[in-house]
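Here is the structure we will look at, set down as structure tokens.
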Amino acid sequence: MNIRGADSLIRGSERRAHALAIVRAGISAVLPENVVRNAVKLKGNRLQVGSREYDLEQYDHIYVAGGGKAAATMAAELENLLGDRITAGLVNDRYGVQARTTRTRVNNAGHPLPTEDGQRGVREMLDMLSGASKDDLVIFLISGGGSALLPCPAPGISLEDKIRLTDLLLKSGATIAEINCVRKHSSCIKGGQLLRYVNGATVLSLIVSDVVGDDPGSIASGPTAPDNTTFADALSILDNYGLKDLAPVSILRHLEAGMRGQVPETLKPGDPAFGRVYNEIIAGNLVALKAAAGEAQRLGYHPIILGSHIKGESREVGLVHAGIAKECLTSGNPAPLPAAIISGGETTVTVRGPGKGGRNEEFILGVLRDYTPGITAVSADTDGIDGATDACGAIADETTLPRAESLGLSIQKALDSNASYDFFEALGDLIFTGPTGTNVSDLRVVLVYKFQ
């Protein structure tokens, strides 16, 4: 995987090179060609996934479907394994993503906002699955981004209304679980509802997780997983974030009809449909963090993994990481120097200004609010795209603040206008990978060392 950008790297910072190498190792560990190969084995006609084994001779047909930022590369690796055993397949992945597949068609669509291409792909997917029966196997490939890449609005809701609502939720500061609750209850396939279209076929879902806790019901809004949330929860979320008066009328009417029992709920735990379904998490954030820690140790650092469950406002999480780094510098806790503080999870940005940026870029601004020499920090979205930008994140070290001052750049102004991208673009400190073909949320690395 090629990491581009961070132009000031040419100024000779070994620490920058180390930080980027650690990020590269973490992302490489969760690339689909690696995780599918590790998690799925074929021995003769027996497909082994986790604790399950499937005798492929028992199925008349094998269909492949799915969506998300890892869908295309997952499909390609699955084809390498199953070949012409696959009857037909279709997955939705982002615009520009390509994969070498012959049995499974890759349909390109938009993210983070859904597009008509995505909706068309879902319709074609459901048409394909309409030919399935109880004697068939459906392998569903799920990864982060699937919520937007698999749009299927409930009756009476237009795609334009879904786009408007998604945009409102993304800018509100709502958590991904809250956003997905609303998505599930305005969709035909999310929240386990895809199972209504497979005609009793056996379903195996291979999941690359981008959510804290790896809950299958939250990843891509859980098209094949039970949903514990309700229509009432969805309405409460809109109310809590002040979106009830801004949300499209069609969606409010649908949610209110659901509360009255006039629209079927999403599929709940214990529903008979799940008797023939197996959801297997094949990669998640912690896998990337452990690989990053291994590379940090190889480079001579004392790694500490803070965790994969970290949430909160990006700028505040950055400030906390700066504080932990200072503690390493002054007391050698929680790790002695040179230290590598590694964390994951998914932070949020409440958009209040007109600027351009993403949560990883804003995290680095947060670190800079309390920066001390002896710290190199990098934060990257493992899918290669931070927010709605073309960068995957940003990097900062001892050179950042002096260069920012010389250019007249203000950290506070960038935060006030949510213009983290513009700030780091001016410095040449954005990081670019392009779409990586995977998505396990964010990877943050803060190197701490004696500065001379």
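Taken across the range 356-366, residues that are among the polar types (S, T, N, Q) and modelled with pLDDT under 95 do not occur at all.
For the range 272-281, check the following and say yes or no: at least one residue is under 30 Å from V378 (Cα atoms), of a type in the set (F, W, Y) and crowded, with 18+ Cβ neighbours inside 10 Å. No, the range 272-281 contains no residue that is under 30 Å from V378 (Cα atoms), of a type in the set (F, W, Y) and crowded, with 18+ Cβ neighbours inside 10 Å. If the condition is being in contact with a Lys or Arg (Cβ under 9 Å, 6 or more places away or on another chain), touching a residue at least 60 places away in the same chain (Cβ under 8 Å) and open to solvent by 10 Å² or more (accessible area, probe 1.4 Å), then the range 188-237 contributes Q193, L195, N199, G200, T202, D210, V212. Any residue at all in the range 7-26 that's assigned to a loop (DSSP other than H, G, I, E, B), of a type in the set (S, T, N, Q), modelled with pLDDT under 95 and closer than 29 Å to D442 by Cβ? Checked the range 7-26: at least one residue is assigned to a loop (DSSP other than H, G, I, E, B), of a type in the set (S, T, N, Q), modelled with pLDDT under 95 and closer than 29 Å to D442 by Cβ.
Which count do you get for residues in the range 371-386 that are assigned to a loop (DSSP other than H, G, I, E, B) and on the phi < 0 side of the Ramachandran plot? Before you say what the answer is, go through the steps one by one.
If we filter the range 371-386 for residues that are assigned to a loop (DSSP other than H, G, I, E, B), which is where we start, we get 371-374, 382-386.
Of the ones still in play, those that are also on the phi < 0 side of the Ramachandran plot are 371-373, 382-383, 385-386.
Qualifying residue count, the range 371-386: 7.
Return yes when L409 is in contact (Cβ under 8 Å) with a residue 12 or more places away in the chain, more than 30 Å from N108 (Cβ to Cβ) and assigned to a helix (DSSP H, G or I) and no when it is not. Answer is no for this residue.
Please note which strands (runs of 3 or more DSSP E) are completely contained in the range 52-149 and include at least 1 residues that are open to solvent by less than 10 Å² (accessible area, probe 1.4 Å), without any contact (Cβ under 8 Å) to a residue 40 or more places away in the chain and farther than 26 Å from D214 by Cβ.
Working: elements: 52-55, 62-67, 88-94, 104-109, 137-143.
Those strands (runs of 3 or more DSSP E) span 104-109.
In the set (1) in contact (Cβ under 8 Å) with a residue 60 or more places away in the chain; (2) on the phi > 0 side of the Ramachandran plot, E280 fails one condition alone, (2). Does Y301 meet the test of being over 26 Å from the mean Cα position of the chain (by Cα) and of a type in the set (F, W, Y)? Considered against the rule, which asks whether it is over 26 Å from the mean Cα position of the chain (by Cα) and of a type in the set (F, W, Y), Y301 comes out as yes. Checking each residue in the range 150-185 for being more than 17 Å from the chain's Cα centre (by Cα), part of a helix (DSSP H, G or I) and hydrophobic (A, V, I, L, M, F, W, C) picks out L159, I163, L165, L168, V182. Being within 23 Å of the chain's Cα centre (by Cα), among the acidic types (D, E) and assigned to a strand (DSSP E or B) is a description that applies to E280. A count restricted to the range 25-48 and to residues that are surrounded by fewer than 20 Cβ atoms within 10 Å (Cβ to Cβ) and of a type outside the set (S, T, Y) stands at 12.
With the requirement that a residue be open to solvent by 10 Å² or more (accessible area, probe 1.4 Å) and touching a strand residue (DSSP E or B) at 6+ places or on another chain (Cβ under 7 Å), what does the range 175-187 give you?
Initially, the range 175-187 is screened for residues open to solvent by 10 Å² or more (accessible area, probe 1.4 Å), giving 175-178, 183-184.
Correct list: T175 only.
When you scan the range 117-135, do you find a residue that is hydroxyl-bearing (S, T, Y) and more than 26 Å from S186 (Cα to Cα), even just one? Outline the logic, then answer.
Initially, the range 117-135 is screened for residues hydroxyl-bearing (S, T, Y), giving 130, 133.
Filter once more, so that each one left must be more than 26 Å from S186 (Cα to Cα): 133.
So far as the range 117-135 goes, yes, one or more of its residues are hydroxyl-bearing (S, T, Y) and more than 26 Å from S186 (Cα to Cα).
The values are calculated or read from the model by the stated rules, or taken from the named source; none is laboratory data. What you see is a predicted model, and the numbers here were worked out from it, not measured in a lab. For neighbour counting, all protein chains shown are included, and Cβ atoms are generated from backbone atoms with ideal geometry for every residue, glycine included. To get the accessible areas, we keep the full protein, side chains included, count just its heavy atoms, and leave off ligands, DNA and RNA. Shrake-Rupley method; radii C 1.70, N 1.55, O 1.52, S 1.80 Å.
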